[in-house]
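Peer 1: If you scroll down you'll find the structure; I have some questions about it.
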Amino acid sequence: MNSTVRVRFAPSPTGPLHIGGVRTALYNYLFAKKHSGTFILRIEDTDQKRYVPNAEQYIVDALDWCGIPFDEGPKGAKSKGSFGPYRQSERKHLYRKYADILIDKGWAYFAFDTPEQLSLHRKKNEENGETFIYNWHNRKAGELMNSLVLSKEEVQEKINAGQDYVIRFKSPKDEILTLNDEIRGTIKIDTNTLDDKVIFKSDGMPTYHLANVVDDHLMEISHVIRGEEWLPSLSLHVLLYKAFEWEVPLFAHLPLILKPTGKGKLSKRDGDQLGFPVFPLSYFDEKTRDVSRGYREEGYFSDAFINMLSLLGWNPGTTQEIFSLNELIEVFDLSRVSKSGAKFNLEKTRWFNQQYLQQKDNSLLAESLLLFLSKKNIYPKKKYVEKVISLIKERAFFISDFWVIGAFFFEAPRSFDQKASRKKWKENTGIIMNDLAHIILSINNFISSNIESKVKAWITEQNMGFGSVMQPLRLSLVGALHGPHLFDIIEMIGKEETINRIQHAIKELS
Ligand code: GLU
């Protein structure tokens, strides 16, 4: 690629960022970094009705957590540079000029039709079995109220009288547009099917289409990489570039992220119903007071989350699945983005987290687990926590699993598995456990292998079955019949705690 790559992620701050949006940001980021380009965050907040005040901060925090920082954007020092401001509401003064340029060039016009008049037209068309399209089909005088059919004086009069108007783009008649998409290839569109879209609203704000194209041009965006839902806008955008006589950037429309069934777009409702988040961070909706779950809060590692997302719609062409961000930058290519939607898969998502957890350094995991335990007022030594992790890591998908699998390393069992107690704790078990406690008390070199050989020798000497001792012992220490090697547990919790737990079990279960 010889020209400079400048790409942007351009979310509208209307609420939390869906994982589809995060993936768009990620692909933009990967593409920019691969080509030593610039990744820009632009906040598209022209729609005042849908504006949510804390949404921008959410977007910034989410990109931050994902580890895909923007090079230019609306926050702090990054907002400087010749391409800012990066919030469309702060660029408001810019857009009208461009709408006027289009009017002057004959590519746009004033339209005074009220919403009521428009719905009347729609109804009339429907009655005749037709669909109403606001374009040349309806440019006959007397039908629509716009500067294409009114005289110059009439238009000026209406404007002077303060009548509400919008500015519409004038779509060409009888043309076949040839559009190019890096992912979908060539698309042909008949301009007669296009609406004369509003590009400037009566509230003095541009619509998405005008602001988006003007900003992409002014910010020298080389590639527009965005979700498939914007594909229907592509014809208008390309027509706008041509009308301005600007160079058209390259476009790439990313496939949707689908529900696990593959039927339709993944929604928040799917996540709620099936028990997984569709947002990177949890989100508190101030209006509904509803809290949405987030991957961060559910205990996902951001690198695992990003790795999972990278493969939802793109493939490396090999069977490799685990990629660091740097590896992704190296291998990412728009030509390997698929045309069809990618099904979200919860099992796979959890699998990624498990894979990353296994790779992580125990000392790092210990820090997270210490934080988790501190919320339960449990403050073990870090070395101890690291050891626990090394014993149970294999079975863990999340930091919280360490607690589910190995709480007994940190506190005595609060209860005993009832079924196991009934089956394994016999009449004479109390006496055996009491004797065993004495044996354990007498062991000096308190390491797993030594405890094991001493206890086993004693069991053999007493002519007892191993199960009749080991299972009640496990029940006493763990509260159930699962867990890692029993003598490792004994070494870890120590002699005193082992004996206390045995005595407590005798009291509870005998
Ligand atoms: N503001 C649009 C959005 O919310 C941006 C679409 C685009 O990238 O052009 O997704």
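Peer 1: When the residues of the stretch 191-227 are filtered to those that are assigned to a loop (DSSP other than H, G, I, E, B) and β-branched (Val, Ile, Thr), which remaining residue is surrounded by the most Cβ atoms within 10 Å (Cβ to Cβ)?
Peer 2: Looking only at the stretch 191-227, we keep the residues that are assigned to a loop (DSSP other than H, G, I, E, B), and these are 194-197, 201-205, 207, 219-222.
Subsequent filtering for residues that are β-branched (Val, Ile, Thr) retains 207, 221.
Values: 207: 20, 221: 23.
The selected residue is 221.
Peer 1: Another one. Scan the stretch 202-245 residue by residue and report those that are free of Cβ contacts under 8 Å to residues at least 60 places away in the same chain, closer than 22 Å to residue 99 by Cα and touching a strand residue (DSSP E or B) at 6+ places or on another chain (Cβ under 7 Å).
Peer 2: Answer for the stretch 202-245, where residues must be free of Cβ contacts under 8 Å to residues at least 60 places away in the same chain, closer than 22 Å to residue 99 by Cα and touching a strand residue (DSSP E or B) at 6+ places or on another chain (Cβ under 7 Å): 202, 209, 230, 234, 235.
Peer 1: Test residue 468 against the stated conditions and say whether it is surrounded by 19 or more Cβ atoms within 10 Å (Cβ to Cβ) and over 28 Å from residue 386 (Cα atoms). Don't jump to the end; show me each part of the working.
Peer 2: Details: surrounded by 19 or more Cβ atoms within 10 Å (Cβ to Cβ): no; over 28 Å from residue 386 (Cα atoms): yes.
For residue 468, the condition - surrounded by 19 or more Cβ atoms within 10 Å (Cβ to Cβ) and over 28 Å from residue 386 (Cα atoms) - is not met.
Peer 1: Any residue at all in the stretch 191-199 that's in contact (Cβ under 8 Å) with a residue 60 or more places away in the chain, in contact with a Phe, Trp or Tyr (Cβ under 7 Å, 6 or more places away or on another chain) and more than 16 Å from the ligand (Cβ to nearest atom)?
Peer 2: Yes, some residue in the stretch 191-199 is in contact (Cβ under 8 Å) with a residue 60 or more places away in the chain, in contact with a Phe, Trp or Tyr (Cβ under 7 Å, 6 or more places away or on another chain) and more than 16 Å from the ligand (Cβ to nearest atom).
Peer 1: Scan the stretch 253-282 for residues that are of a type outside the set (Gly, Ala, Ser) and either assigned to a loop (DSSP other than H, G, I, E, B) or within 12 Å of the chain's Cα centre (by Cα) (or both) and report the count. So that I can check it myself, show each step before the final result.
Peer 2: If we filter the stretch 253-282 for residues that are of a type outside the set (Gly, Ala, Ser), which is where we start, we get 253-261, 263, 265-266, 268-270, 272-274, 276-281.
From the residues that got through so far, the ones that are either assigned to a loop (DSSP other than H, G, I, E, B) or within 12 Å of the chain's Cα centre (by Cα) (or both) too are 255-257, 259-261, 263, 266, 268, 276-281.
Counting residues in the stretch 253-282 that are of a type outside the set (Gly, Ala, Ser) and either assigned to a loop (DSSP other than H, G, I, E, B) or within 12 Å of the chain's Cα centre (by Cα) (or both) gives 15.
Peer 1: Among the polar types (S, T, N, Q) and at pLDDT 95 or above - does that describe any residue in the stretch 223-234?
Peer 2: Just the residues of the stretch 223-234 that are among the polar types (S, T, N, Q), to begin with: 233.
Restricting the remaining residues to those that are at pLDDT 95 or above gives 233.
Taking every residue of the stretch 223-234 in turn, at least one turns out to be among the polar types (S, T, N, Q) and at pLDDT 95 or above.
Peer 1: Specify which of the listed residues (510, 415) is at pLDDT below 95 and more than 28 Å from residue 383 (Cβ to Cβ). Let's see the steps before the verdict.
Peer 2: Values: 415 fails: at pLDDT below 95.
Exactly one of 510, 415 is at pLDDT below 95 and more than 28 Å from residue 383 (Cβ to Cβ), namely 510.
Peer 1: Of 324, 310, which residue is closer than 25 Å to residue 399 by Cα, of a type in the set (Gly, Ala, Ser) and crowded, with 17+ Cβ neighbours inside 10 Å?
Peer 2: After applying the criteria, what remains is 310.
Peer 1: Follow-up question, since we're still on this one. What about residue 178, is it away from the ligand (no atom under 16 Å from the Cβ), of a type in the set (S, T, N, Q), closer than 30 Å to residue 315 by Cβ and over 30 Å from the mean Cα position of the chain (by Cα)? Outline the logic, then answer.
Peer 2: Details: away from the ligand (no atom under 16 Å from the Cβ): yes; of a type in the set (S, T, N, Q): yes; closer than 30 Å to residue 315 by Cβ: yes; over 30 Å from the mean Cα position of the chain (by Cα): yes.
Yes, satisfied.
Peer 1: Moving on. Residue by residue through the stretch 340-353, note down the ones that are surrounded by fewer than 16 Cβ atoms within 10 Å (Cβ to Cβ) and part of a helix (DSSP H, G or I).
Peer 2: Within the stretch 340-353, 346, 347, 348, 351 qualify.
Here's the yes/no breakdown for (1) among the hydroxyl-bearing types (Ser, Thr, Tyr); (2) more than 42 Å from the chain's Cα centre (by Cα); (3) assigned to a helix (DSSP H, G or I):
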{"position": "389", "(1), (2), (3)": "no, no, yes"}
{"position": "394", "(1), (2), (3)": "no, no, yes"}
{"position": "401", "(1), (2), (3)": "no, no, yes"}
{"position": "404", "(1), (2), (3)": "no, no, yes"}
{"position": "413", "(1), (2), (3)": "no, no, no"}
{"position": "439", "(1), (2), (3)": "no, yes, yes"}
{"position": "444", "(1), (2), (3)": "no, yes, no"}
{"position": "452", "(1), (2), (3)": "no, yes, yes"}
{"position": "491", "(1), (2), (3)": "no, yes, yes"}
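Peer 1: Given the condition touching a residue at least 60 places away in the same chain (Cβ under 8 Å), of a type outside the set (Ser, Thr, Tyr) and farther than 30 Å from residue 347 by Cβ, answer yes or no: does some residue in the stretch 400-413 qualify?
Peer 2: Yes, the stretch 400-413 contains at least one residue that is touching a residue at least 60 places away in the same chain (Cβ under 8 Å), of a type outside the set (Ser, Thr, Tyr) and farther than 30 Å from residue 347 by Cβ.
Peer 1: For residue 490, work out the one condition from (1) at pLDDT below 95; (2) buried (at least 18 other Cβ atoms within 10 Å of the Cβ) it doesn't fulfil.
Peer 2: Single failed check for residue 490: (1).
Peer 1: Can you name the number of the only condition in (1) over 30 Å from residue 334 (Cα atoms); (2) in contact with a Pro (Cβ under 9 Å, 6 or more places away or on another chain); (3) among the acidic types (Asp, Glu) that residue 61 fails?
Peer 2: Unmet for residue 61, out of (1) over 30 Å from residue 334 (Cα atoms); (2) in contact with a Pro (Cβ under 9 Å, 6 or more places away or on another chain); (3) among the acidic types (Asp, Glu): (1).
Peer 1: Follow-up question, since we're still on this one. Considering every residue within the stretch 228-244, establish whether at least one is in a strand (DSSP E or B) and either within 13 Å of the ligand (Cβ to nearest atom) or under 23 Å from residue 201 (Cα atoms) (or both).
Peer 2: Step one: list which residues in the stretch 228-244 are in a strand (DSSP E or B), which gives none.
No, every residue in the stretch 228-244 fails to be in a strand (DSSP E or B) and either within 13 Å of the ligand (Cβ to nearest atom) or under 23 Å from residue 201 (Cα atoms) (or both).
Peer 1: Need the failing condition index for residue 248 against (1) aliphatic (A, V, I, L, M); (2) out of contact with any helix residue (DSSP H, G or I) (no Cβ under 7 Å at 6 or more places or on another chain); (3) without any contact (Cβ under 8 Å) to a residue 24 or more places away in the chain, just the number.
Peer 2: (2)
Peer 1: What residue, of 180, 212, 192, is farther than 20 Å from residue 114 by Cα, of a type in the set (S, T, N, Q) and at pLDDT below 95?
Peer 2: Details: 180 fails: at pLDDT below 95; 212 fails: at pLDDT below 95.
Selected residue: 192, the only one of 180, 212, 192 that is farther than 20 Å from residue 114 by Cα, of a type in the set (S, T, N, Q) and at pLDDT below 95.
The values are calculated or read from the model by the stated rules, or taken from the named source; none is laboratory data. In this text the structure is predicted, and so the values were computed from the model without any measurement. Quick reminder, even Gly has a Cβ in these numbers, built from the backbone with ideal geometry, and neighbours come from all protein chains shown.
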